[in-house]
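Heads up, the thing below is written out as structure tokens.
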Amino acid sequence: MLLGIDAGGTFTDFIFVDLRQTISIRVHKTLSTPAAPEQAILQGISAMGLESYMRDGSLQIIHGSTVATNLLLEGKLARTVFVTNYGFADMLLLARQTRPALYALEFPEIEPPVAAQLCLETGGRIAADGSVVEPLSEPEIDNLVEKIKSLKPEAVAINLLFSFLDDGFEREIEAAIHRAGLPVFVSRSSQVLPEYKEYERGIATWLNASLAPAVSGYLQRLQQELGDNSLQLMQSSGETIAAHKAADSAVNLLLSGPAGGLTAIAFLGEQLGISKIISFDMGGTSTDVALLDGQIATTNEATISRYPIAVPMVDMQTIGAGGGSIAFVDSGGMLQLGPLSAGADPGPACYDKGGSEATVTDANLVLGRLQVNHALAGALYLNESAAIACIEKLADKISLSVEETALGIVTIANEHMARAIRLISVNQGNDPQDFVLASFGGAGGLHVCAIADAMQMRSAIVPIHGGVLSALGMVVARRGRQFSKTLGLEFDQINKSELEKEFAELEQHGIHQLSDEGLSPASLSTRRSADMRYKGQSYTLNIEWKSAEKASDAFRQLHKKRYGYAHNTNMELLNIRVNVMAPNRQFSLPTITDSSNCNNIHYSKVYGHDDKAKVMARTEMSVGQRVTGPAIITEYSATTFIEAGWTVELDLLGNLLLEKPDS
């Protein structure tokens, strides 16, 4: 029995999959408890009647968490000592010397990630060729340990130059800290990110160390409450990791929740035979968009807050435009939206929990796209008067009606999301019209037609269980890890046997790591890839590695697609990567049965439309039934608004298939 849990900023989503005889699926949604996320999880398990399964330890729980993300965004990181070589204590302060705003002559001073007094220097320097430049003596180690002890940190991050070539000095420092009995978490750069670029490696190592105490504490509390039930965590790469290993890889959990949604969309695409999908996940706090062209793409060039995150992450764009995003009028009299959100507490004004700021959810309610008489998840009924009152305050400032202002809020939200989709599609050489838009999340269905229109897309899907789809992604995700190593080889001088040896060693390291999680080595599969670039370039493209010849051709093709040209000049192989994976969980979504209430339709006025919109429950639609917009489809965890000019049809799996016929 599988239980997927996605703990978001506003709601915590659950999906329970029983595989014992015939496949059955149940979903649940409850308001999150950000101060103690485990409370919402336990409440949900109780509300779903799963306590008996929890007591006998028969649940397999896969959890996507925003704990690490929130710690970073809110600056609630552990006091961490940063250890590096002599002369490099300012490494994280200097960063890449990029300006936060290109044309701003002045900008506020930026706080360094680690305070100067917590940045310590020592010996043990390696050169780019792996030779020793400065040895590491016993007195230096003893002195370093004494300094760490006097600073009383919660964690230590060790980042020595070129340690990915020889990690011996980093291991010596780690061992000395443990021998001294210091109660600190220790992260080594040679373990967290064994790749070149000392700044990015340093940031990853510092984040891993500074997130570890809080993440470890949370996972220990959660595991204690869950007893003997299996607990896995979703990683940013879209694969899961055992909870007892996750605290040591806290930096790999920063996109834990959003990765689940993308994994679910890939699973759904396989079920429907669709390989080209643009996913659009709109929750209460933010929206995540990503492009799938056959498989989930990962990146090592993501940024969260102001920090580069060079560990593998699903390649997506995240923006601060969700159902709870707060609208305001700026000093120039312009209506603006986000990134601040009303969150779960107090939430949008229409939740009637004390919120007084106008949000996207309030605007959709005022426009008639959300139904007052339809309860949201958690038996939450909406207060239309409260929504009108908060939007009216904005309307008075910009001399528009309440409805016009609400439409303006929704239009701004739509443009924010369309802009993000352009970044991951058009800007990377992909035509959105070749893809299907898959919309999910609690608020996604209200905006799906408008986003598709903005991108000139004519097909869209609102998946079954779309309001809790990220939780489904937790259930279908593979167990796996990604491993890398910098080699820095000129392509025409590659020794094939030596390269094969490097790949094989990395594979064996990965298989050993997953074996420690209880997986059989014989059940694991691997996928090889390499980061390649033209000689003289600073950035790379990741290419699947089957042979040098095939990789060379694939690199040129991708470079031409991405940038519009390809050279015949020399190439470099910078990093090798190995993805070690367990088998997929083999199951298909169950087909649905037709409802006997398929004609139970009523009508409601929606602002901006002459015709009244059909209002119907998703559970009461019949398979193959075609409905033309405007229409509102209600369900337990979400609402879908079908614009005029669009049609919607229910398929055998319960997905809503949207089409815009040629006019």
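Having 1 or more residues that are touching an Asp or Glu at 6+ places or on another chain (Cβ under 7 Å) is the bar; report the helices (runs of 4 or more DSSP H) wholly within the range 84-190 that clear it.
Working: elements: 91-94, 138-151, 168-179.
By residue number, 91-94, 138-151.
Among the residues of the range 2-35, which ones are in contact (Cβ under 8 Å) with a residue 24 or more places away in the chain and surrounded by fewer than 16 Cβ atoms within 10 Å (Cβ to Cβ)?
19, 22, 23, 24
Is there any pair with a first residue in the range 436-459 that is assigned to a strand (DSSP E or B) and a second that is surrounded by fewer than 24 Cβ atoms within 10 Å (Cβ to Cβ) and among the charged types (D, E, K, R) whose Cβ atoms are under 9 Å apart and which are 6 or more apart or on different chains, and what are they?
Going by the 9 Å Cβ cut-off, the qualifying pairs are 436/276; 459/659; 459/660.
Can you pull out the residues in the range 1-21 that are of a type in the set (Phe, Trp, Tyr) and more than 24 Å from residue 590 (Cα to Cα)? Before the answer, list the steps.
We begin by selecting, within the range 1-21, every residue of a type in the set (Phe, Trp, Tyr); these are 11, 14, 16.
Once the filter is applied, which keeps residues that are of a type in the set (Phe, Trp, Tyr) and more than 24 Å from residue 590 (Cα to Cα), the range 1-21 yields only 11.
Answer yes or no: is there a residue in the range 271-285 that is modelled with pLDDT under 90 and within 30 Å of residue 98 (Cα to Cα).
Yes, the conditions are met somewhere in the range 271-285.
Residues being within 11 Å of residue 229 (Cβ to Cβ) and surrounded by 14 or more Cβ atoms within 10 Å (Cβ to Cβ): count how many of those fall in the range 44-57.
4
Looking at 200, 270, 225, which one is free of Cβ contacts under 8 Å to residues at least 24 places away in the same chain and in a helix (DSSP H, G or I)? Working first, answer last.
On the way: 200 fails: free of Cβ contacts under 8 Å to residues at least 24 places away in the same chain; 225 fails: free of Cβ contacts under 8 Å to residues at least 24 places away in the same chain.
None of the others qualify; the one that does is 270.
Can you say whether residue 179 is at pLDDT 95 or above, assigned by TED's automatic domain parsing to the domain that holds residue 195 and in contact with a Lys or Arg (Cβ under 9 Å, 6 or more places away or on another chain), as far as the supplied structure shows? So that I can check it myself, show each step before the final result.
On the way: at pLDDT 95 or above: yes; assigned by TED's automatic domain parsing to the domain that holds residue 195: yes; in contact with a Lys or Arg (Cβ under 9 Å, 6 or more places away or on another chain): no.
Here the answer is no, as residue 179 does not meet what is asked.
Condition test on residue 643, is it closer than 16 Å to residue 451 by Cα and out of contact with any strand residue (DSSP E or B) (no Cβ under 8 Å at 6 or more places or on another chain)?
Against the criterion (closer than 16 Å to residue 451 by Cα and out of contact with any strand residue (DSSP E or B) (no Cβ under 8 Å at 6 or more places or on another chain)), residue 643 qualifies.
Conditions: (1) under 22 Å from residue 603 (Cβ atoms); (2) at pLDDT below 95; (3) among the aliphatic types (A, V, I, L, M). Residue 407 meets all but one. Number of the miss?
Answer for residue 407: the failing condition is (2).
Of the residues that make up the range 297-318, is at least one aromatic (Phe, Trp, Tyr) and crowded, with 22+ Cβ neighbours inside 10 Å? Lay out the reasoning, then the answer.
At the first step, the residues of the range 297-318 found to be aromatic (Phe, Trp, Tyr) are 307.
Still in the list and also crowded, with 22+ Cβ neighbours inside 10 Å: none.
Among the residues of the range 297-318, not one is aromatic (Phe, Trp, Tyr) and crowded, with 22+ Cβ neighbours inside 10 Å, which makes the answer no.
In the range 275-306, which residues are closer than 29 Å to residue 31 by Cβ and not in a strand (DSSP E or B)?
283, 284, 285, 286, 305
Restricting attention to the range 311-347, which residues are closer than 23 Å to residue 297 by Cβ, touching a Gly at 6+ places or on another chain (Cβ under 6 Å) and hydrophobic (A, V, I, L, M, F, W, C)?
314, 321
State which residue pairs qualify: first residue in contact (Cβ under 8 Å) with a residue 40 or more places away in the chain and inside the range 603-619, second residue of a type in the set (S, T, N, Q) and surrounded by 14 or more Cβ atoms within 10 Å (Cβ to Cβ) in any location, beta carbons under 8 Å apart, and separation of 6 or more residues or different chains.
604/371; 613/604; 615/371; 615/604; 615/634
Can you tell me which residues in the range 285-302 are in contact with a helix residue (DSSP H, G or I) (Cβ under 8 Å, 6 or more places away or on another chain) and of a type outside the set (A, V, I, L, M)?
To start, the set of residues in the range 285-302 that are in contact with a helix residue (DSSP H, G or I) (Cβ under 8 Å, 6 or more places away or on another chain) comprises 287-292, 295-296.
The answer is 287, 288, 295.
Going through 658, 653 one at a time, which residue ends up being under 28 Å from the mean Cα position of the chain (by Cα), at negative phi and either without any contact (Cβ under 8 Å) to a residue 40 or more places away in the chain or surrounded by fewer than 21 Cβ atoms within 10 Å (Cβ to Cβ) (or both)?
Working: 658 fails: either without any contact (Cβ under 8 Å) to a residue 40 or more places away in the chain or surrounded by fewer than 21 Cβ atoms within 10 Å (Cβ to Cβ) (or both).
Matching residue, one of 658, 653: 653.
Test residue 318 against the stated conditions and say whether it is closer than 30 Å to residue 114 by Cα and polar (S, T, N, Q). It would help to see each step written out before you state the result.
Details: closer than 30 Å to residue 114 by Cα: yes; polar (S, T, N, Q): yes.
The answer is yes for residue 318.
Which of the residues belonging to the range 568-625 are more than 30 Å from residue 514 (Cβ to Cβ), hydrophobic (A, V, I, L, M, F, W, C) and either in a loop (DSSP other than H, G, I, E, B) or within 28 Å of the chain's Cα centre (by Cα) (or both)?
592, 598, 601, 606, 621, 623
Can you name the residue in the range 626-640 that is assigned to a strand (DSSP E or B) and touching a residue at least 40 places away in the same chain (Cβ under 8 Å) and, of all such residues, is nearest to residue 454 (Cα to Cα)? So that I can check it myself, show each step before the final result.
To start, the set of residues in the range 626-640 that are assigned to a strand (DSSP E or B) comprises 626-628, 631-634, 639-640.
From what's left, touching a residue at least 40 places away in the same chain (Cβ under 8 Å): 632-634, 639-640.
Values: 632: 20, 633: 21, 634: 24, 639: 20, 640: 17 Å.
So the residue we want is 640.
Would you point out the residue of the range 579-607, among those that are small (Gly, Ala, Ser) and at pLDDT below 90, that is farthest from residue 236 (Cα to Cα)?
Start the filter on the range 579-607 by keeping residues that are small (Gly, Ala, Ser), which leaves 582, 588, 595-596, 604.
Add one more test, that the residue is at pLDDT below 90, and what stays is 588, 595-596.
Values: 588: 24, 595: 39, 596: 42 Å.
Selected residue: 596.
The values are calculated or read from the model by the stated rules, or taken from the named source; none is laboratory data. What you see is a predicted model; the values in this text were computed from it and never measured. Glycine gets a Cβ as well: all are built from the backbone with ideal geometry, and neighbour counts include every protein chain shown.
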